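Novice: Quick one: this structure, given as structure tokens, is what I'll be asking you about.
The values are calculated or read from the model by the stated rules, or taken from the named source; none is laboratory data. As the structure is a prediction and not an experimental result, all values here were calculated from the model. Counting neighbours? That spans all protein chains shown, and the Cβs are built from the backbone with ideal geometry, glycine included.
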Amino acid sequence: MNTSSRSVLVAMMVRPATTPTKETTDDAVGRPLTGRTRGRLGPGARPRGTKVNMRGQRLWLSVTAAVVMVTGSCSPSGGADVGSDVVPVIRPTILAAIPHSPAAYTEGLELDGDALYEATGMWGESELRELDPDTGTLRRAVPLPSNYFGEGITVVGDRIWQLTYQGGVAVEWDKSTLNLLRTVPVHGDGWGLCLDGNRLIRSDGTDRLRFHGTTDFTETGSVAVTRDGRPLTRLDELECVAGQVWANVWPTDEFVRIDPATGRVNLAVDASNLWRGGPRTNEQVMSSIAHVSGDDYMIVGKDWPWILRVRI
Ligand SMILES: [Ca+2]
């Protein structure tokens, strides 16, 4: 995206076949439940109530014309000033939408060839899933052990590493079979994960990105993340692209691009224009980003009924 303002024809009216009836219950003391507060209830807690199985539900996607003025100041690959003190904020251009199960509490998303891998969370409901990236069709899914709350994923060759929220382990999967190969200890929370060359990068809900070996998950270092000179906390789902690290800032609609060499944020994306439904539930916060190619990405929120393909 260049520096000029421009009009982009987009339009999407995304409507599920039926209205989801999933509960958005409060916890035992009456507080509104968000994803993370629900997560902290721990194994065995079932705050969610009866969940409607939306898998396979058809979504009607219709496209109508609307004009969205997109004011871009720079692009990730097109000349953002990585060293700038003032982080520019841009908005993504919507290219397409594919259906996504509104019962999928997305915690991780990554494209690998013709497979879109997704991690979903919740105690006793977490899955590693493979989707068709063109249609959103669920190809296969395997459950995590019920004592783990699934978090970020990344593909490393013929394996997939996955974080657990507060399980104290990372899980290694065989990519071809989706068999669980082993778990290895991890200190601290697991939130987001991506592969940066020959190292893994993990977020843990703080302002730090932590580096790990790809073979045994040994932590090798970390960097503190700052935006405009101030610590930026609650870094969540990640995507490593061309030596930079995209991160969702939970629980906001914003993604930031971080230089892992310095920890400095050099670009922010306000993705609040991606939600095209009515009022969101407490669970439907922005979640995950996966790189497609060039400036194209796939973005989805937790329990969102669609995945957006966007250009940023
Ligand atoms: Ca990702």
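Novice: Please go through region 229-253 and give me each residue that is more than 16 Å from the ligand (Cβ to nearest atom) and of a type in the set (Gly, Ala, Ser), ordered by number.
Specialist: The answer is Gly229, and nothing else.
Novice: Assess whether Asp253 counts as being touching a strand residue (DSSP E or B) at 6+ places or on another chain (Cβ under 6 Å) and either without any contact (Cβ under 8 Å) to a residue 40 or more places away in the chain or among the aromatic types (Phe, Trp, Tyr) (or both).
Specialist: For Asp253, the condition - touching a strand residue (DSSP E or B) at 6+ places or on another chain (Cβ under 6 Å) and either without any contact (Cβ under 8 Å) to a residue 40 or more places away in the chain or among the aromatic types (Phe, Trp, Tyr) (or both) - is met.
Novice: Can I ask one more? What about Val155, is it more than 13 Å from the ligand (Cβ to nearest atom) and aliphatic (A, V, I, L, M)?
Specialist: no
Novice: Scan region 91-110 residue by residue and report those that are aliphatic (A, V, I, L, M), within 15 Å of the ligand (Cβ to nearest atom) and in a strand (DSSP E or B).
Specialist: Leu109, the sole residue that qualifies.
Novice: Now a separate question. Out of (1) surrounded by 15 or more Cβ atoms within 10 Å (Cβ to Cβ); (2) over 21 Å from Ser288 (Cα atoms), the odd one out for His212 is which?
Specialist: (2)
Novice: What's the total number of residues in region 175-199 that are within 19 Å of the chain's Cα centre (by Cα), under 20 Å from Glu127 (Cα atoms) and within 16 Å of the ligand (Cβ to nearest atom)?
Specialist: 5
Novice: Checking the condition at pLDDT 95 or above, within 16 Å of the ligand (Cβ to nearest atom) and not basic (Lys, Arg), which residue from Gly136, Gly113 passes?
Specialist: The conditions single out Gly113.
Novice: Sort out which residues of region 107-137 are aliphatic (A, V, I, L, M) and either surrounded by 23 or more Cβ atoms within 10 Å (Cβ to Cβ) or under 15 Å from the mean Cα position of the chain (by Cα) (or both), and write them in order of number.
Specialist: Correct list: Leu109, Leu111, Leu116, Ala119, Met122, Leu128, Leu131.
Novice: Only one of Val249, Val265, Val269, Val241 is within 24 Å of Asp296 (Cβ to Cβ), within 13 Å of the chain's Cα centre (by Cα) and among the aliphatic types (A, V, I, L, M). Can you tell me which?
Specialist: Just a single option satisfies the conditions, and that option is Val249.
Novice: Could you check region 200-213 and list, in sequence order, the residues that are within 16 Å of the ligand (Cβ to nearest atom) and over 24 Å from Met286 (Cβ atoms)?
Specialist: Of everything in region 200-213, just one residue is within 16 Å of the ligand (Cβ to nearest atom) and over 24 Å from Met286 (Cβ atoms), namely His212.
Novice: Turning to a different aspect of this structure: Output the residues belonging to region 261-299 that are more than 30 Å from Thr220 (Cβ to Cβ), within 16 Å of the ligand (Cβ to nearest atom) and part of a strand (DSSP E or B).
Specialist: If the condition is that a residue be more than 30 Å from Thr220 (Cβ to Cβ), within 16 Å of the ligand (Cβ to nearest atom) and part of a strand (DSSP E or B), then Asp296 is the only one that fits.
Novice: For region 275-291, enumerate the residues that are surrounded by fewer than 24 Cβ atoms within 10 Å (Cβ to Cβ) and under 11 Å from Ile312 (Cβ atoms). Talk me through it step by step, then tell me what you get.
Specialist: Pass one, region 275-291, residues surrounded by fewer than 24 Cβ atoms within 10 Å (Cβ to Cβ): 275-285, 291.
Across region 275-291, the qualifying residue is only His291.
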